[in-house]
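Following: one structure in structure tokens, then a few remarks.
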Amino acid sequence: MDIVRAEAYVPVYGIDPVKRSVRFLSVQPVKDAGKIYVWGNLLFQVDLHKGIHVIDYSDRSNPQKIGFIQVHGCNEVAVKGSTLITNNINDLVTIDVSNPAQPKELARIKNAFPNAYDYQYNYQPPERGKYYICPSQDKGDVVGWTIEKNIKGANCVSH
Amino acid sequence: MKRTQLLAFVLFAMTAMVYLSCDKNADAAASPTAGGAGGSLARFAIAGNYLYIVSTRTLEVFDISNPEMPALKKAVNAGIDIETIFPYKDKLFLGARTGMYIFSLADPLNPVKEGSITHFRACDPVVSNDSLSYVTLRSFGTDCGNLKNVLNVYNVKNIKDPKLINTIEMKSPYGLGIKDKGLYVCEGENGLAVMDLDNPYSPVKKMDFRDEVYYDVIPYGNVLITYIRNGVCFYDISNPLQPVLLSKLKG
């Protein structure tokens, strides 16, 4: 039986266009190292939910990061020739890395991964100590919160 | 071009085989034109012109021959709780929390489930060669299942009927990889284990590295690329059983 709360925060879902773009940045520190994929002398390492480090390891004893591809919600990476493939939250994107220091987005398949919102588990309403409905993995980006009355299933508490 | 890439892929795949130890192939795989490789924890795998993706229950096929127009071609019901995909020659090995599934890519657009075998519930990447699959099953620090942490060896010569032939106790196994007689098993906080496949049915631990927290590996020609907690390490594996640290890139 779901408890009915007199008042609780409810996530508002949508698509945040800012998060659906790929940006190319200079070398970034590793925050949360993730999966790797190698092509020739280039190594690509996911930084969980943030993007992909591009590493030139042609000198095996002195590998160098040469750039960072910012990709929101990214978990996976694969490379074929000069094409890198990753997930931008729930979109599949292909990126040309023929000049690895200046990659560019080639194509995007929207909503290729309907359950790709795992990173939103940690999203919380702006106010502490309040009940809220935990963000879903498959409804879209959390673009805001509303306070509603007589809400069932608000079993998370913000902290 | 297509043919060159295919050849390159085959050459690379050969270096992962237990029974081949030709250094020429290994060198070819290390050259920039020889194709790519991912780790054993991946959900993306590339074979030929296709990208194969596993989600929890499905195996999806994307045509990536034109990177400006990738296209979803097929979605196959594959199983439950699937976590990893490993391409080897004309097969895909899928690791799920309750078992391993083997798909044939005889028709790359239509992967067909040929065989499967169940195991106790755990987190489980898989790597394979022509006759044997190595699967780590980790329960340590997960919500994946019970209290066991093992390396399982399966005979997959007949992919329609994989057979469990050995189980080796591990500490907290994550990703793994094969180069000739070397089997590398990441043990998370417990380091990187180097195992001898002289008897491929019965891997024996030879040494380990306890300097980092290791999660996954890619044996790539003579280089072992490892994914560690805060970056990557490179090892020379010209002698697969004696990896030599080349460098680390952290933070």
- Scope region B:220-251; condition more than 9 Å from every other protein chain (Cβ to nearest Cβ) and touching a Gly at 6+ places or on another chain (Cβ under 8 Å); matching residues: B:Leu224, B:Ile237, B:Pro240, B:Leu241, B:Pro243
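Right, B:Tyr220: among the aromatic types (Phe, Trp, Tyr), modelled with pLDDT of 95 or more and closer than 29 Å to A:His53 by Cβ or not?
Numbers: among the aromatic types (Phe, Trp, Tyr): yes; modelled with pLDDT of 95 or more: yes; closer than 29 Å to A:His53 by Cβ: yes.
Yes; evaluated as a whole, the condition is true for this residue.
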- Task: Among the numbered conditions (1) touching a residue at least 60 places away in the same chain (Cβ under 8 Å); (2) of a type outside the set (Gly, Ala, Ser); (3) in a loop (DSSP other than H, G, I, E, B), tell me where A:Arg60 comes up short.
- Result: (1)
- Name the residues in region B:181-213 that are closer than 13 Å to B:Val153 by Cα and in contact (Cβ under 8 Å) with a residue 60 or more places away in the chain, would you? B:Leu197, B:Pro200, B:Tyr201, B:Pro203
- From B:Leu241, B:Leu249, which residue is surrounded by 15 or more Cβ atoms within 10 Å (Cβ to Cβ), at pLDDT 95 or above and farther than 20 Å from B:Val127 by Cβ? B:Leu249
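For region B:227-247, enumerate the residues that are part of a loop (DSSP other than H, G, I, E, B) and not polar (S, T, N, Q). Step through it out loud before you land on a result.
Keep residues of region B:227-247 that are part of a loop (DSSP other than H, G, I, E, B), which gives B:229-230, B:237-243.
Listed by number, the residues that qualify are B:Arg229, B:Ile237, B:Pro240, B:Leu241, B:Pro243.
Regarding B:Ile117, is this residue under 15 Å from B:Glu60 (Cβ atoms) and surrounded by fewer than 24 Cβ atoms within 10 Å (Cβ to Cβ)? Break it down into steps so the answer makes sense when it comes.
Details: under 15 Å from B:Glu60 (Cβ atoms): no; surrounded by fewer than 24 Cβ atoms within 10 Å (Cβ to Cβ): yes.
No, not satisfied.
If the requirement is being of a type outside the set (Phe, Trp, Tyr), crowded, with 20+ Cβ neighbours inside 10 Å and at the interface with chain B (Cβ under 8 Å from one of its Cβ atoms), which of these qualifies: A:Val54, A:Val22, A:Val77?
On the way: A:Val54 fails: at the interface with chain B (Cβ under 8 Å from one of its Cβ atoms); A:Val22 fails: at the interface with chain B (Cβ under 8 Å from one of its Cβ atoms).
The conditions single out A:Val77.
Here is a list: B:Val232, B:Val185. Which entry is within 15 Å of B:Leu151 (Cα to Cα) and either touching a Lys or Arg at 6+ places or on another chain (Cβ under 9 Å) or among the charged types (D, E, K, R) (or both)?
Values: B:Val232 fails: within 15 Å of B:Leu151 (Cα to Cα).
The match here is B:Val185.
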- Message: Which residue is nearest to the other protein chains (Cβ to nearest Cβ), if the candidates are limited to region A:83-110 and must be surrounded by fewer than 16 Cβ atoms within 10 Å (Cβ to Cβ) and in contact with a Gly (Cβ under 9 Å, 6 or more places away or on another chain)?
- Response: A:Ser98
- Item | Scope region B:37-58; condition within 8 Å of another protein chain (Cβ to nearest Cβ) and hydroxyl-bearing (Ser, Thr, Tyr); matching residues | B:Ser55, B:Thr56
- Does region B:200-216 contain at least one residue that is of a type in the set (A, V, I, L, M, F, W, C), within 14 Å of chain A (Cβ to nearest Cβ) and at negative phi? yes
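The values are calculated or read from the model by the stated rules, or taken from the named source; none is laboratory data. These numbers were taken from a predicted model, which means no experiment stands behind them. In this analysis, Cβ positions are derived from the backbone assuming ideal geometry, glycine residues included, and neighbour counts consider all displayed protein chains.
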